[in-house]
Structures are given as C-alpha cells and as structure tokens.
Amino acid sequence: MSALLQLVLRTGRGWRGGAPASACLQLATSAGTRPRRAMAQYHTEERGRPCSHNYRLFFKNETGHYISPFHDIPLKVNSKEENGVPTKKAQTDENENLFNMIVEIPRWTNAKMEIATEEPLNPIKQYVKDGKLRYVANIFPYKGYIWNYGTLPQTWEDPHQKDKSTNCCGDNDPIDVCEIGSKIASCGEVIQVKILGILALIDEGETDWKLIAINVNDPEASKFHDIDDVKKFKPGYLEATLNWFRLYKVPDGKPENRFAFNGEFKNKAFALEVVKSTHQCWKALLMKKCNGRTINCTNVQISDSPFRCTQEEARSLVESVSSSLNKESNNEEQVWHFLDK
C-alpha cells in the first residue's frame, strides 16, 4: 500500500453517522441500474445493505472510475474546467443558473442519507446518532422529507468564516438543496437544477443554507425563474418548507429551529451569491488554504490539489469498505407526530 493511500485511510476518520420496509426498498432499488438521462455521466455502486450502519453508496464517472461526489462532480453543468474546477462563466443567464445536484434523500422518505464528508471518496451513507440510524419524524401532515433533498457538489459552508448577512459561521457541509419538481428522484441520482431562492436556517448557532431549486427536466420547469414563481405556481409550498424546517427536530426533544431574516426566502440573485461564496470556500479547502478539520478531501480529478489520489488508490479505498450484506435492519414503526400550532 502506498504512503499516500495509508495517509488517506488514516485521515479518513470521523464516520458521521431501521426504516420502514418501503423506505429500505426504495434505497435498495435506487442505486443506479436503470438508465436515466440525468445519470448518464455518473453511476453508483452499493456496498453493504441499505438501512444498516455499513451501507455505502459510491460514485463512478462515465469511464467507470471511482470519484468523490463532493469534490469531483462539477458544480456547474457543461462549464469549462481547469483542473476539474469550473472557471469560465456561461454566456447566457439560462446556462449561468444550471447546477449539478446530488440527491441524498428522495421525497417522502425518512432515512437521513447524506454524503459522508469525513470519509475517503465521500460515499452516501445513513446518518448515525448515538449509535442509531437516524430517521426524520413524520410531523402531520408531512410525510418524511417534502422535497427531493440533497446538495450541490464543490461547495462548502466554512465553519470558520462568519457570513455577513446572518452573522453566523457555516455548518461545515456542502450547501443543501430542496428540489421542488414533480418527479421523485433516487438516492445517488445526479440531476440538473436551476436555483430559485434560498432560506437561512440557523442550526445551533451555525448558518445552514437551504436552496430552493427545480429540476430543469421537470415538465413545469420553464415556468419557474425566481422565488416569486414558487409562490405563484406552488402556493403553500414555501410556507410548508419553513414550517417543516422549524419543527422537524421537535419530536427528538429539541426546540424549534430559528431562521435569519425572520424566515424570509431570499431571491435567486441572493441565492446565487451564496452559492458562489460557498464554491470559493470549497476551492480554498481543496487547495489546503484553510482548515478543513475532519473533512476528507480525497479526490481523483483536481490535479493541483494536494489531496488528489490515483484511480488505483481510489479503487483500493472502496474495496477496503465492507460489502457484507448482513441482516441488520431497523423495524422502526411509521409513527406520526401531531404538534400544537
């Protein structure tokens, strides 16, 4: 094993960590065997059993090489790149607002799946808290997550950098996305979205941005250009989104979440500036110009990054992860919570 691979394995610490049968089934069948237009360039590979502690969903590019979805999938769609980092701005407003989104949690499901930012190659896994797999509660009338929920690659909310508009530092994760289109996406699917607006959740003193976006292949995508279009064509959706984020931790015994700007959704222009800022923070992270703490920056395509590894090393990293299909599962019931207004 090379010295670099040993270093990667040694620094890939901090594994951040059962669902109803239907949720497990959706995860098990979403790992990418069916061809999809948006998934043509990227494929996924399962290791371990869905709804278990050892489940991991790794990503491959169109040539079959393992990649990090966090670092190696470009932020912008069809952008010219230098060392794997998009550098040239698109020529039209339409192309300027065209981003890759990695779907972590399909709409209506409860399992809290996420990119493992502290593990080599950053596979998707289920979040674990206090030794238990985490599921978001059903809070009437909301069933699980009410959007396709995921993240933008090549973004990072720096926990050492205070946001001027919220006066809080970042939450140490890539920026979150709530995709509001009509199709239910799959865990690990990479879709193209356009940004419509943004909400600033303040989570335990940290800024946790929530982008509002729509799949560009949605039948109604042409009607949506900014946050006001969501109010017009999907009345009640933004109010439900605000209420969902306000209440979703209450069943766990935590207080209601709070927001910057009194819970106001900011428009597309504001949102795009936030995306730009978090992309710059990610660039600094990958070039070791800031302290990423436990973030694992292993990548295969950012040629100037000191964290770059070879394809052989990437394959060895994946093969070192258990692929055991153990019988571990969670028989958690579908409990509904009814909270006072």
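Read-outs: derived from the displayed coordinates by stated rules, not from any lab. Note that the coordinates shown come from a computational prediction; the quantities given were computed from them, not determined experimentally. Counting neighbours? That spans all protein chains shown, and the Cβs are built from the backbone with ideal geometry, glycine included.
Measure up K76/K223; K254/K283; K112/K266; K125/K164; K194/K254 against 29 Å on the Cα-Cα distance and list the ones that go over. Can you show the working numbers first?
Values: K76/K223 21 Å; K254/K283 34 Å; K112/K266 26 Å; K125/K164 32 Å; K194/K254 33 Å.
K254/K283; K125/K164; K194/K254, as the Cα separations exceed 29 Å there.
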### Summary
If each part is reduced to its alpha-carbon centroid, the stretch 177-191 and the stretch 232-287 end up apart, in Å, by 17
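Based on alpha-carbon positions alone, could you give the equivalent ellipsoid semi-axes of the stretch 133-231 from the gyration tensor, as √(5λ), descending, whole Å? Can you show the working numbers first?
Details: eigenvalues 113, 61, 38 Å².
Equivalent ellipsoid semi-axes, largest first: 24, 17, 14 Å.
Rounded to the nearest 20 debye, what is the charge dipole size of the stretch 219-341 about its Cα centre when +1 sits on each Lys and Arg Cβ and -1 on each Asp and Glu Cβ? All intermediate terms of the calculation are to be shown ahead of the outcome.
Working: 19 positive and 17 negative charges, 101 e Å.
Around 480 debye, computed over the stretch 219-341.
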### Task
Indicate, rounded to the nearest 5 percent, the antiparallel portion of the DSSP beta bridges found entirely in the stretch 154-295.
75
### Summary
The base-10 log of I(q)/I(0) that the Debye equation returns for the stretch 219-341 at q = 0.18 Å⁻¹, one scatterer per C-alpha, is -1.04
